[in-house]
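To keep things clear, I will list the structure first and then write my remarks on it.
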Amino acid sequence: MVIYLDGKYVDSAEAKVSVFDHGLLYGDGVFEGIRIYGGNVYRLDDHLERLEMSAKAIMLSVPLDRAAMSEAVCETCRRNNLKDGYIRLVITRGVGDLGLAPWLCEKPSLFIIASKISLYPQEYYDNGLAIVTVPTRRIAPDALPSTVKSLNYLNNILAKIEAKQAGALEAIMLNQQGYVAECTADNIFTVYKGEIFTPAASQGALKGITRATVFDIAKELAIPMREADLTRYDVWCADECFLTGTGAEVIPVVKLDGRVIGTGKPGPVTDRVRGSFRQRVLVEGTRT
Ligand code: PMP
């Protein structure tokens, strides 16, 4: 496997960062998870825009401009002959001393990994996931904006551990007010009386690229959709529920906290959104 690392394409065995990198020492950095389908990088520009905004929010300079970044992503895929897979783009604060001070880190480090993707097993796309609500709350946006896709994922990891302990593959995280924020690595949606609802970023959700696609799909299919404050009750009593993420794509949820959602089977709106999403990824995207 060939890795892009700070302007060079190196073998994965040589792709190493320093133990003094603040990305490692403090989780100081930002990243993106991107998909490539049939040789097209899905919504690359949107991912790069989100990366730039995440970096801006933490006052980290992006080493390459948009065009150069786009080219580096595509070239990494080409060098690995990757047509379908998952791309991880990471910018760390770089090498500094053992203190927090980011201004002592001389230059950020950028690396790109183009790899295979591990999806949820197919049975969950066919039959839906059973998920739980975990005790760990989403970090408040005024402490760390959920819109920043930072290398600090401990909050989500704690929730993921709780999900596993409860025997679930994904879990809902509530915010400090008890509203649904998102899942550990996916955005969440409900369908109620023909309308799609999803929590706003202000409730602690990441502005997912797949989530943005669902807004586009809803518009195209003339399905009403809006951001809303959702409680666990709203999910338990929804007609349908589904999750979205770059890795997960669109996946139905049929149970939350032991309550069966709707008919207990993936619903018609979820199926339409999924179908449309599968179509889009094949035709949209930046050709490598
Ligand atoms: N929320 C969190 C916390 C995530 O890490 C992700 C990315 N896996 C998402 C939502 C979904 O965002 P996207 O559709 O951009 O992958």
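Working note: Karplus 6.51/-1.76/1.60 with θ = phi - 60° gives region 255-267 the couplings 8, 9, 6, x, 8, 6, 8, x, 7, x, 10, x, x Hz, where Gly and Pro are set to x. For region 226-247 versus region 1-39, the inter-centroid distance based on Cα atoms is 33 Å.
Each of Lys107 and Asp126 was given a label point 7 Å from its Cα along the Cα-to-Cβ line. The distance between the two points is 5.2 nm. A quarter of the convex hull surface defined by the alpha-carbon atoms of region 82-146 gives 8.3 nm² as the mean projection. Restricting attention to region 3-158, the count of lysine pairs at 8 or more positions apart or across chains with alpha carbons under 18 Å apart stands at 6.
If you fit an axis through the alpha-carbon atoms of helix 268-283 and take the longest principal axis of the Cα set of the chain, what angle between them do you get, 0 to 90°, nearest 10? Between helix and principal axis, roughly 30 degrees. Provide, in order from the shortest bin, the percent of all Cα-Cα pairs of region 13-111 in each 5 Å bin, continuing until the bin that contains the maximum pair distance. Distribution as computed: 3, 13, 23, 21, 17, 13, 7, 2, 0 percent.
Put a plus charge on the Cβ of each Lys and Arg, a minus charge on the Cβ of each Asp and Glu, and nothing anywhere else: the dipole of the chain about its Cα centre is then about 320 debye. With 0.36 nm allotted per residue and the present C-alpha distance subtracted, the Val17-Tyr233 stretch has 73.2 nm of extension available. Ordering of 36-44, 160-168 by packing is 36-44, 160-168, highest average first (other Cβ atoms within 10 Å, averaged per residue). If you take all other residues with their beta carbon under 10 Å from the beta carbon of Ala114, and give Lys and Arg +1 and Asp and Glu -1, the sum is +3. Diffusion of the chain by Stokes-Einstein, at 10 °C in a medium of 1.306 mPa s and with Rh set to the Kirkwood radius over alpha-carbon pairs, works out to 81 µm²/s. Principal semi-axes of the equivalent ellipsoid, √(5λ) from the alpha carbon gyration tensor of region 167-288, are 22, 16, 14 Å from largest down. For Cys105, the accessible area of its heavy atoms, probed at 1.4 Å with every protein chain present, is near 10 square angstrom.
For Cys183, the residues whose amide H sits under 5 Å from its own are Met173, Ile188, ignoring neighbours fewer than 5 places away on the same chain, with H placed 1.01 Å from N. Residue separation of Phe215 and Asp271 scaled by 0.36 nm, minus their Cα-Cα distance, works out to 18.7 nm of gained length. Taking the helices alone, the chain has a mean residue ellipticity at 222 nm of -8500 deg cm²/dmol, built from -39,500 (n - 2.57) per DSSP H run of at least 4 residues and averaged over all its residues. On the basis of the beta-carbon distance and an R0 of 41 Å, Ala166 and Asp6 show a calculated FRET efficiency of 0.50. Projecting the Cα atoms of Ala159, Ala68, Phe277 onto the charge dipole of the chain (Cβ charges, centred on the Cα centre) puts Phe277 farthest toward the positive pole.
The values are calculated or read from the model by the stated rules, or taken from the named source; none is laboratory data. The shown structure was predicted, so the numbers you read here are calculated from the model rather than taken from an experiment. Cβ atoms come from the backbone with ideal geometry, glycine included; neighbour counts cover every protein chain shown. Ligands, DNA and RNA are excluded from the accessible area calculation, which covers all protein heavy atoms including side chains. Shrake-Rupley method; radii C 1.70, N 1.55, O 1.52, S 1.80 Å.
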